[in-house]
Structures are given as C-alpha cells and as structure tokens.
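The values are calculated or read from the model by the stated rules, or taken from the named source; none is laboratory data. Not measured: the values here are computed from a predicted model. Cβ coordinates were reconstructed from backbone atoms using ideal geometry, including for glycine residues, and neighbour counts include every protein chain displayed. Keep in mind that these areas ignore ligands, DNA and RNA; they rest on the heavy atoms of the full protein, side chains included. Shrake-Rupley method; radii C 1.70, N 1.55, O 1.52, S 1.80 Å.
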Amino acid sequence: RRGPLSVSAAGGRWPSRGTYPGSVSAAAWWSPRLWGVHAVGALAVGVATVLGLWQLDAWQEQRAMEARDLTSATPKVFTEVMGPDDPFPGLELGRPVEVGGTWAPQGTVFISGREHDGVDGYWVVTPLTVDGGGGAAVPVVRGWVTDPAQVPAVATGEVELVGWLQPPEGTGAVDEDPSDTVLPQLRIADVIQHVDQDLYGAYVVVRDAEPGLATASLDQLPQVSATTALRNFLYAIEWWLFGAFAAFVWWRYVRDVTSMEEPEQADQPADEDASVPSAP
C-alpha cells in the first residue's frame, strides 16, 4: 500500500475570501488604527466645502447689493450721503436724496440727445449751491424739453427738492463747441466750465419736474457687472478643488495601506496541507 498522498491547490492553500490582490475589505478600511486618517481626511474635506460655500455666499451677496434698485427707497439727506470732495458712493446709485440750497442759473447747460416718449430733446441742468456744502454745487437735472429756448426761469431764494442720485457720465462724446451751453454728456469736467464754484462728483435727477418741463428718465440704474465679486467665485471653486484633492489623497492612502496588508496575509502558508488517501 502506498501511504497517503498530500496535494494542495495553488502552491499549498486556497485563497480565502476577501484576500485577492487589490481587494479591500470593510473591516480593513475601518480598522481602528486608521481612524486618525479618516478624521483628518473628513476634516479637510468638510472645511474646504464650508469655505467654498462661504465664498459663494459672499459672491451672491455682493452681486445682489450692486443690482438692488433704490429708486423707491426712503430719501436721505444729500450731504449725509456724500461730501464735496468724496468719490461717488456706488452703493447709493439711484437713491432718492433731499437737497436744499439756491440755484446758480448762470451755470445752466443742456444735455443733447435725450429722448422722452420717443421724442429727441434736451436735459435741462442747473447747478444748485448746496446748504452745508461749503459753497459747492451739485448739477440738478430739472427736467426735459424739446427746445432750450422754452425753458422756464428757475425760482429765486431757497429751494428744497427730492431727486435720484446719479454718477457723472463718461460716454466719451466730444463737445464740438465748448463755447455754447449744449453738452453731449453730463460730465462734471464739462459742467464746471460754466460755473465759478466747486461741483460735487454726482448729479441729481429731480423726481417731480417743475411746470413747463417733463420729468427726465433715469439713464443709470444699477447693473451688475460680469466681474463683480468674481474673486469670491474663483475662491469658492478653488476651495472645492482642494476638497476634492483631499478626498482623493484620503482614499488613495487608505487603499494603499490596506492593500499591502492583505497580500501579506494571503502569502502566509496554511497550517497543514489538505490530504487525500492514495489508492490501495
């Protein structure tokens, strides 16, 4: 009789379930010694996500502020909104303001190329010396006419009016005849040539035109620029890309660590070979 014949499969053992090269079991993935790695990875992804959402919210908030329509808001005192030497307050574009002072009729000019109900005409602009403005005046669009010769005279003495705050124009139009009172745009540098006093860096469109004039329309309402708060939007994308990279590094590190362990366990010899009896 021949003794028993020992045989084994694939070099002495059959691979156990879950130990094939490249496979990662759930138990290995959530091994207690990897909890620190999971904590750091989750923290990095979470922080990047939150910071990205914060930058996105800042982007949306700034665009909403720039696009807001203040034309129906409660009027503010003009001298509280800006001073004679202040730049135009962009966040107050279109806001109604209360202005008091006296007219400077010698500085009246006419802005050509202004339409009203489809009819071409002129804006009537007269500087108003502002009370409490240190002698500075603000150009005021009193209204619209088809013929400058039909403009009524301004009132004498102190006046109080409410109008919409607007920034100076800068269309690039050239004044072909600087000696007359007709201007192609309401630019402070052009208007100041017709007065002997300082001017504010803004103008006011009267809300209720005086008799003989039609109320002028607002030419500059808030519009959102394509580049408004663009930096915040790009920062949001940058944070989310960082979060995605952190998630990839987290996953790759755990996969590599657990994949190296399981092949080592698979290479260990079995306690004993499987034996089968030989034929008698």
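Data table
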read-out: Residues being touching a residue at least 60 places away in the same chain (Cβ under 8 Å), surrounded by fewer than 17 Cβ atoms within 10 Å (Cβ to Cβ) and either outside any helix (DSSP H, G or I) or aromatic (Phe, Trp, Tyr) (or both) - total across the range 55-72; value: 3
read-out: Residue among Pro105, Pro75, Pro87 that alone is open to solvent by 30 Å² or more (accessible area, probe 1.4 Å), modelled with pLDDT of 90 or more and in contact with a Gly (Cβ under 7 Å, 6 or more places away or on another chain); value: Pro87
read-out: All positions within the range 192-209 that are more than 31 Å from the chain's Cα centre (by Cα), open to solvent by less than 50 Å² (accessible area, probe 1.4 Å) and farther than 18 Å from Gly133 by Cα; value: His194, Ala209
read-out: Counted residues, the range 140-176 - those being surrounded by 10 or more Cβ atoms within 10 Å (Cβ to Cβ) and in a helix (DSSP H, G or I); value: 2
read-out: Within the range 26-51, tally of residues that are among the β-branched types (Val, Ile, Thr) and under 19 Å from Arg255 (Cβ atoms); value: 3
read-out: Residue that is modelled with the highest pLDDT, among those in the range 1-53 that are part of a helix (DSSP H, G or I) and of a type in the set (Phe, Trp, Tyr); value: Trp35
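Per-residue answers, yes or no, for (1) within 26 Å of Phe78 (Cα to Cα); (2) β-branched (Val, Ile, Thr):
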| site | (1), (2) |
| --- | --- |
| Leu91 | yes, no |
| Arg95 | yes, no |
| Gln106 | yes, no |
| Glu115 | no, no |
| Ala137 | yes, no |
| Thr156 | yes, yes |
| Pro178 | no, no |
